[in-house]
1. Using a Cα-Cα cut-off of under 18 Å, which lysines could be cross-linked to residue 546, ignoring same-chain neighbours fewer than 8 residues away?
2. Per residue, how much space in cubic angstrom lies within the convex hull of the C-alpha atoms of the stretch 272-323?
3. Using only Cα atoms, tell me the angle between helix 188-197 and the longest principal axis of the chain; keep it within 0 to 90° and round to the nearest 10.
4. Viscosity 0.890 mPa s, temperature 25 °C: Stokes-Einstein D of the stretch 412-514 from its Kirkwood Cα radius, in µm² per second?
5. Based on DSSP H runs of at least 4 residues, each adding -39500 (n - 2.57), what is the mean residue ellipticity at 222 nm of the chain after dividing by all its residues, to the nearest 500 deg cm²/dmol?
6. Out of the DSSP beta bridges found with both residues in the chain, what percent are antiparallel (nearest 5)?
7. What percent do you get for the relative contact order of the chain when only Cα pairs under 8 Å and 6+ apart count?
8. Suppose a student asked you for the relative contact order of the stretch 535-610, using Cα pairs under 8 Å spaced at least 6 residues apart; what percent would you report?
Amino acid sequence: MANSAPNPLSPRAALKHYFGYDQFRPGQAEIIDRAIAARDLLVLMPTGGGKSLCYQLPALLAPGVTIVVSPLIALMQDQVAHMVDSGIAATYLNSSLSAAEARSREAALLAGQYKLLYVAPERLLHEGFEPTLSELAHEVGIARLAVDEAHCVSEWGHDFRPEYRQLRTIRQRFKSVPVTALTATATARVQEDIIRQLALEEPYVHVASFHRQNLHYSVRSKPKQLPLEIVRLIREENGGSAIVYCQSRASVDKLAAALQQAGIAALPYHAGMSGEARAANQTAFVRDDAQVMVATIAFGMGIDKPDVRLVIHADLPRNLESYYQESGRAGRDGLPAQCILFFSYGDRSKIEFLIKQKSDPEEQRIARQQLRQTIDYAASLLCRQRVLVGYFGETLERDCGTCDNCLNPVPLEDRTIEAQKFLSCIYRCEQRFGMRYIIDVLRGKSDDRIVRNHHDELSTFGIGKDLTIKQWQALGQALVHQDFTIESTDGYGILTIGDRGMAVLRRELEVKVPQLAPEPEKVAVQRQESETLSEADGELFQHLRKLRKKIADLQAVPPYIIFSDRTLKEMARKQPETLAEFGQLVGVGQKKLNQYGEIFLNALDDFLRRSRVRQPADPTPEAIAPESEFAEPFEGGDSREAAPHPKAQPIVMPEPPEPVAQFIHASETQMETLELHRQGLSVAEIAKARQLKERTIFNHLAQLLAVGERVDIDAIVSAERQRQIFRAIFDVGSYTSLTPIRELLGEEFSFEEIRLVRAVLFGQS
Ligand code: ADP
Ligand code: ZN
């Protein structure tokens, strides 16, 4: 892609071409229009809202390079891998590169070969980088500076980074370069700070709703056998990724072990582990080698896995903002996901104890308030999303309709009389006491303190014996939630009477509270019709997932880089039959279509053919005749074992469960080769022993692989060569003809070697 040539695509066309999407998400089109008009921008969107596209797409349409500042190396690499896989000229510079590699990337950059450059702030600001930057501005042009995770400039954000402050100098140096700042942190304070610190000029500010429609929130009371319950929830996800957050390292280790024992691929992650162990576990999770990450809050900042289907909090989160961010790691791909918080009043006491250990009274007070807000969330009967976005100052127009409280509202009952007793007692105690004291007076407990205060002489003393302490607590909390009474947040929890409470005492307002002694019920999440798959399609989805995993592993990238869950689900539902239809799927752009269209179409075709076979209604022999991927004549293959089915059909993935298996089997001569291979002989040695050509042995091994026999390919072709071959196969995007693949790879690679490696794709996983 030449930098100087203006890109002729419209934003809409570029959206489909590069990203495979038909429509912009709310806000994106407006933001992109402003970006094209070279405005400064401040984009606030929740995690998964689609921020990246807001600078990536304009970068493709503008002359010059867009510089993206990103604080986390892992995220940077992930994003770049994604883009390169979509045919976008992007690269990164960070400390993970060797000096030589960095130099060669800089040279390519100055030659105008990239549209997007990702850098860490340290690198961008480093004086050694200055000449490159100047030359870049001069020779190629800097289209825009995009500052990701822009809340890092603010001390009010949750992740302040001093080097972010200095980005301002870049802004001052390149005055004409417009800036886009992006963040998922929404408080007004942080917003103002970003505009000031980065010196944004009359920015177009886009604040998206923080309501995440695809997330289903629920709160459950913590069962005694929490691990069992978590196992059950994870099994329901059918292999979908999950994160379980625990408060302490010890509970992380314990729970991870319990899940492993239950046969779930779970790994721990916490600050007590070595950096290496953590990185390894994270990679395993991102690559779908582990289904579940059990973690303390140390986990999550560096990952961008879009297909997490379930986030469980086994313990109370530190505060509501953290809860929003942590639970928000679910469903970044926009598909339904669940966020479940397990809550017990015992946890509350544990945290209160921890708060008491803090020495700074100010810190204590803040911690208490945060705890109060978290508990309010857990105990609330309102729509969970309403409470969450309310925390960021946003008011939902209507309830989410998918959280536990929306799906299963707790029935209300009239408790006006009891509320009057309670409020009146607060009043008579001069609004100087906390909930437990008021309840003791109501229930007529004559302990020292009450007697000393002469509160055993009040008219409200002992008028509440008809309710238990627990019931009074539930009522008291409901009165707090509904603003009838106000509980101080200074840590003492002093109850005073609000305006609404006074109205109750004057008999002007009725009080309806949830039936006392409520136990939150379990709620089955109702998934949206369009996103659920029938049982058969679900099976196909799993099949496609396996193929995706294989292709990803072969290229050493996470599976979601190949296709998102959403794309695979749509594939399973729509079952495209042609490349044109395949190209219509969400998330399939031109490059992905070329790379993977054919292999997925064949996998679909093969799967459907076989499932038809399994249904006795359609036992036509044609339906079960397996076509061979070896339809093309072997270059020099010996004639004794010509392709079993010379029909010129595209490849099929001959994973041979019943009843297809009986049609696909290795020939005797192939089995002989296999025998020697298993004894550890090299290809040359086998050829010699059997007095056959080496290429024939290669062909045997390829066929053996394709029919599902285990061949130790690593012993024959080095890992690096395998990777190069796979890259070439996917770049060519065709599996039927070897010639273009060989052309791409060059003379150093033999046809036999390529064919052998290619056969891995068609063998059993
Ligand atoms: P974040 O706002 O957290 O940075 P991303 O930019 O990573 O979110 O986007 C989240 C997901 O949404 C990605 O998988 C992305 O490809 C997808 N996405 C972004 N824009 C669109 C769109 N217009 N249509 C469909 N999916 C989109
Ligand atoms: Zn709701």
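Rule-based calculations on the coordinates, nothing more; no lab input. Everything quoted here is computed from the prediction, not taken from an experiment. Counting neighbours? That spans all protein chains shown, and the Cβs are built from the backbone with ideal geometry, glycine included.
1. Hits, sequence-local ones excluded: 305, 569, 592.
2. On the way: hull volume 5.0 nm³, N = 52.
Spread over its residues, the Cα hull of the stretch 272-323 gives 97 Å³ apiece.
3. So the inclination is approximately 60 degrees.
4. On the way: Rh = 13.4 Å.
D, rounded to a whole number, is 183 µm²/s.
5. Details: 35 runs with 345 residues, N = 765.
Computed mean residue ellipticity for the chain: -13000 deg cm²/dmol.
6. Details: 7 of 55 bridges.
Just about 15 percent of them are antiparallel.
7. On the way: 1237 pairs, mean separation 76.4, N = 765.
This gives 10 percent for the chain.
8. On the way: 61 pairs, mean separation 22.7, N = 76.
Contact order relative to length: 30 percent.
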